[in-house]
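K.L.:
There's a structure below that I have some questions on.
The values are calculated or read from the model by the stated rules, or taken from the named source; none is laboratory data. All values reported here derive from a predicted model rather than from experimental measurement. Backbone-built Cβ (ideal geometry, glycine too); neighbour counts: all protein chains shown.
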Amino acid sequence: MTKTTKMVQWSPTDIKDELLKKYPPKVARKRAKQIMINEAVGADTSPEIVANVRTIPGIITMRGCTYAGCKGVIMGPTRDIVNIVHGPVGCSFYAWLTRRNQTDAGKDGENYIPYCFTTDMQDQDIIFGGEKKLEAAVIEAYELFHPKGICIFATCPVGLIGDDIHAVARKLSAQYEDCNIFAFSCEGYKGVSQSAGHHIANNQVFTHLVGENKTSPEGEYKINLLGEYNIGGDGFEIDRIFKKCGITNISTFSGNSSYDQFASAQHADLSCVMCHRSINYVADMLETKYGIPWIKVNFIGARSTAKSLRKIGEYFGDPKLIKRINDVIAEEMPEVEVVANDVLPRTNGKTAMIFVGGSRAHSYQDLFAEMGMKTISAGYEFAHRDDYEGRHVIPSLKVDSDSRNIEELTVEADEKYFKARKTPDEINALEAAGLKFKHYEGLNKDMDNGSIIVDDLNQYEAEKLVEILKPDVFCAGIKEKFSIQKLGVPMKQLHSYDSGGPYAGFKGAVNFYKEIDRLVGSKVWGYMKAPWQKNPELTATFVWE
Amino acid sequence: MLLRHTPTEITERKSLMINPAKTCQPIGAMYAALGIHGCLPHSHGSQGCCAYHRSTLTRHYKEPISAATSSFTEGASVFGGQANLLQAIDNIFTVYEPEVIAVHTTCLSETIGDDLKQIAHKAEKEGKIPEGKFVIGAPTPSYVGSHVTGFSNMVKAMAQLATPGTKKNGKVNVIPGWVEPSDMEEIKRLASVVGVDITLFPDTSGVLNAPLTGEYKMFPDGGVTMKELKDTGGAIGTLALGEWCSADAARWLDSKCKVPCTILDMPFGLNATDRFIDVLRTVAGVTVPEAIDVERGQLVDMISDMHQYFYGKKVAIYGDPDQLISMCEFLRALDMQPVHVITGTPGKEFERRIKEITADMPCEVNVKAKSDMFQLHQWIKNEPVDLLIGNSYGKYIARDEDIPFLRWGFPILDRQGHQYFPTVGYKGGLRLLEKILGLLLDRKDRDEPEESFELVL
Ligand code: SF4
Ligand code: SF4
């Protein structure tokens, strides 16, 4: 059966029913609200989806935990802070180098990313408490390395036995003046997904690091890049482009980042938000406390990169910068187009499914579109409703007991350091000209009518979707990779690319075109059946001539 | 220089572990459970642990690793996870239809004190376990032991399926320990060549090296069946390969089902394989066929042919105790010198065994259990070696110190092949030798000055 006849046979409602059919009634009811047939096109409001709710016990989920979001995603890519995981050995072990956060050790050469630090709690620590061991571990780390900062992360059992990691941090921070020591209560069970961990991490970084460096870095057009984690070198490519354009990136949160970058973030004049989910609140806080406006950008896809650069140009409004940005785009695009045109005959009309994180399932659709590929189904692993439906739903989000666990910081304008970068009139003028601030419309708007959007997709539904719609490529994480490939469909990892990258910016787009061309064109998918399996009946006897 | 902050000077550390040479219990339990046919491993705790264990196993075996979780949130952590597990059992049997669910705990559910037995019992009473299906369980608190302990605990749970008084079936139980699917296959092949009918458990061959066919089977054809497991009580004996991985299960069968057990080293290298074959033929009362002698002789031949390259070479090695013990013995059989040996898994006995094996070395061995790779790196800085052996994390040390590096152990995240080519038995020995030789000779070819760079070696 060819792909197209399958598509015709299955209406979106049928597909949804098929996904739900096997579940016990309670599970089916819950999942029904997280599986949505998109009707966003043309309408002002998109249908509501349920997101950021608990994972169903026993249903094989793609999600990780709060600790993974905090230590793994946000703090993992920071090179000159010693990250000590307080808990039994495993949690620390698994977050050790497994996200492909590349880093440049810089002039000072400080780089702890290849190291894994843990208190390796033993049963007596669980019984009698592990604070003493933690304290001793931090002292040992300080004496061995003398880092600028030490961060402490709590894992599940630590929260349960009630070790006061913050007290330990405070005490030692006071003891060592040249080392900033603080802690994260990011126990795995705290939230429903990694998302809670991003929030906990960002809050602490904002509280303990941002603003520490009082001297402003040099640079004419100073920005922060928020929500970029330098997986496979994405951040390097974006920085290369910024540099070429004359834009100074003061701090990336948190790919290829350093202590000093975080500490200087308040000196930027604009924040650019890549991954909306993991960090939109930091952009808000930077605006409230220091007066730095923010815009949503996307550096995944060559056209998106060009568009995002132009947005930055518009914001600063300096013709010199605008010209330079246009020159850079003009210089970079031809090479991108050569490759795009080369792959297009092979990729055009093909289909993709993307189920990743809390922004990538959206950002990568532009990149696929550049190759003529359509995303027929997508969803997030740990998004909230605003990532699907747009920021205007934020006021109506329900705060449930799991979200209530996560501290919300209340920030005010800093008496000394608040400086509105633009007057309200200037902002209004820019908005009138089409530049939108604090604006994100979410995934649904950009997907076709009738496409299937699924929150917290699980293995069973993934398999069904792939069987029914037979996409030409499926994007998710390592856990999903091989079950999808067993079905004869190539799978591209987009949380952490286990191979390849960068995929951001112009050079990244080129890499991605080539990678997808390779994947959808690989001969291996034609080898599933041996000749004798394709034609099992013996019709004639073979005669040796 | 990647580990540029590692100082040569060694200071005592009591509380901080840096670059562990072990990980936590549940991942071992999950791997073991995958060696049962039709089994879905289940992690009772918050979902992050399960996600991590699946990711690491997936990256190592390059195969889909299905496992469910109780997905604790704060509520379950305070009030206990019984409701979550009951719901999970129900959902799992309805949606995935496994033959058996093998539950292990995580730090969290252990700390709360959830009682797996009691919950499984309740599930049964409430009719959540369909007729003919099973829920088994093993406690795996990660603040005790290591991933090896977790493996051992799940294997013991498998043994406990045997009922005392089972009718004798003339088979021999073989518990292979934490080895690759390819190794399990090789152990089965060796036994069949010797002519001994064995029950291998766990058995991940066929499960974690399944073919690519365009079809996805959540439960591939391989694995030991529940029926075979129940029948282990009727075996004539049990061979447990590896004290850390396999002995507990074997001893349980011995004391509860009167199946006599012998604890052996894992059959890596010449001597340990010899002992394995010898015990196998003795328990089963058979004569070793000539085919085995030929395999053995080939390995001895290769050792003698290439001895000049092995002789006196210093090796640093880290990993799991059972594997290290046999590997160090093999290295000594080649007249190589394992000078630095560490494992993250606790056990004083480990240090004693390694000291015994290396007693005839011209120098002292640095050996430590409950240690870490930071310590190992410091030792190497102080006394350089010709070869480093261990899991993928060693590549950072190997690059910094410019040492040839053999990937062996768990996890290997950056190379393939271990799931297909065994390193146990005589054939496995040949493969190890070929790899080690390749590394040493590539190194020689790279470093030799032009005038002594020669075609014939
Ligand atoms: S909480 Fe325990 S079981 Fe879970 S990953 Fe950490 S060490 Fe392992
Ligand atoms: S892009 Fe995805 S994986 Fe990355 S931080 Fe955002 S949500 Fe997480």
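K.L.:
Among the candidates A:Val454, A:Val473, A:Val489, which residue alone is touching a helix residue (DSSP H, G or I) at 6+ places or on another chain (Cβ under 9 Å) and within 10 Å of another protein chain (Cβ to nearest Cβ)?
P.N.:
A:Val489
K.L.:
Then there's this: Of the residues B:Tyr96, B:Tyr31, B:Tyr61, only one is more than 9 Å from chain A (Cβ to nearest Cβ) and touching a residue at least 40 places away in the same chain (Cβ under 8 Å); which? It would help to see each step written out before you state the result.
P.N.:
Working: B:Tyr96 fails: more than 9 Å from chain A (Cβ to nearest Cβ); B:Tyr61 fails: more than 9 Å from chain A (Cβ to nearest Cβ).
Result of the check over B:Tyr96, B:Tyr31, B:Tyr61: B:Tyr31.
K.L.:
When region A:509-534 is examined, which residues are found to be within 14 Å of another protein chain (Cβ to nearest Cβ) and within 16 Å of A:Pro345 (Cα to Cα)?
P.N.:
A:Ser522, the sole residue that qualifies.
K.L.:
Quick one: in region A:77-100, of everything that is under 20 Å from A:Ile279 (Cβ atoms), touching a Lys or Arg at 6+ places or on another chain (Cβ under 9 Å) and in contact (Cβ under 8 Å) with a residue 40 or more places away in the chain, which residue is farthest from the other protein chains (Cβ to nearest Cβ)?
P.N.:
A:Pro77
K.L.:
Go through region B:23-52 and give me each residue that's within 15 Å of the chain's Cα centre (by Cα) and under 16 Å from B:Thr106 (Cβ atoms).
P.N.:
Within region B:23-52, B:Thr23, B:Cys24, B:Gln25, B:Pro26, B:Ile27, B:Gly28, B:Ala29, B:Met30, B:Tyr31, B:Ala32, B:Ala33 qualify.
K.L.:
So for region B:354-369 (the condition being within 12 Å of another protein chain (Cβ to nearest Cβ) and closer than 23 Å to B:Gly145 by Cβ), does at least one residue qualify?
P.N.:
Pass one, region B:354-369, residues within 12 Å of another protein chain (Cβ to nearest Cβ): none.
No, that holds for no residue.
K.L.:
Let me ask you something else. Quick one: in region A:213-260, of everything that is without any contact (Cβ under 8 Å) to a residue 40 or more places away in the chain and under 14 Å from A:Ile279 (Cβ atoms), which residue is surrounded by the fewest Cβ atoms within 10 Å (Cβ to Cβ)?
P.N.:
A:Ser251
K.L.:
Do any helices (runs of 4 or more DSSP H) lying entirely in region A:433-524 carry at least 1 residues that are within 16 Å of ligand 1 (Cβ to nearest atom), and which ones are they?
P.N.:
Counting at least 1 such residues, we get A:478-486.
K.L.:
Would you be able to say whether some residue in region B:113-132 is facing chain A (nearest Cβ under 9 Å) and either acidic (Asp, Glu) or touching a helix residue (DSSP H, G or I) at 6+ places or on another chain (Cβ under 9 Å) (or both)?
P.N.:
no
K.L.:
Additional query: Does region A:492-508 hold any residues that are in contact with a helix residue (DSSP H, G or I) (Cβ under 7 Å, 6 or more places away or on another chain) and more than 10 Å from every other protein chain (Cβ to nearest Cβ), and which are they?
P.N.:
Listed by number, the residues that qualify are A:Lys492, A:Gln493, A:Leu494, A:Gly500, A:Gly501, A:Pro502, A:Tyr503, A:Ala504, A:Gly505, A:Phe506, A:Lys507, A:Gly508.
K.L.:
Right, something else. Can you find, within region B:24-64, the residue that is surrounded by the most Cβ atoms within 10 Å (Cβ to Cβ) among those that are in a loop (DSSP other than H, G, I, E, B) and more than 15 Å from ligand 1 (Cβ to nearest atom)? So that I can check it myself, show each step before the final result.
P.N.:
Quick first cut of region B:24-64, residues in a loop (DSSP other than H, G, I, E, B) only: B:24, B:34-35, B:37-38, B:45-46, B:62-64.
Remaining after also requiring more than 15 Å from ligand 1 (Cβ to nearest atom): B:34-35, B:37-38, B:62-64.
Details: B:Leu34: 29, B:Gly35: 27, B:His37: 22, B:Gly38: 19, B:Lys62: 19, B:Glu63: 22, B:Pro64: 24.
Out of the qualifying residues, it is B:Leu34.
K.L.:
Kindly indicate the residue of region B:185-205 that is among the acidic types (Asp, Glu) and in a helix (DSSP H, G or I) and also nearest to B:Glu290 (Cα to Cα) among those meeting that condition.
P.N.:
Looking at the filtered set, the residue picked out is B:Glu186.
K.L.:
Inside region A:1-69, counting only helices (runs of 4 or more DSSP H) that do not spill past its ends, which hold 1 or more residues that are out of contact with any helix residue (DSSP H, G or I) (no Cβ under 8 Å at 6 or more places or on another chain) and at pLDDT below 95?
P.N.:
A:3-9, A:12-20
K.L.:
Continuing with this model, one more query. Restricting the search to region A:463-499, which residues are within 20 Å of the chain's Cα centre (by Cα) and in contact (Cβ under 8 Å) with a residue 40 or more places away in the chain?
P.N.:
A:Val473, A:Phe474, A:Cys475, A:Ala476, A:Gly477, A:Lys479, A:Glu480, A:Leu494, A:His495, A:Ser496, A:Tyr497, A:Asp498
K.L.:
Quick one: which residue in A:Cys186, A:Cys179, A:Cys156 is within 12 Å of another protein chain (Cβ to nearest Cβ), under 17 Å from A:Val82 (Cβ atoms) and either hydrophobic (A, V, I, L, M, F, W, C) or within 16 Å of ligand 2 (Cβ to nearest atom) (or both)?
P.N.:
A:Cys186
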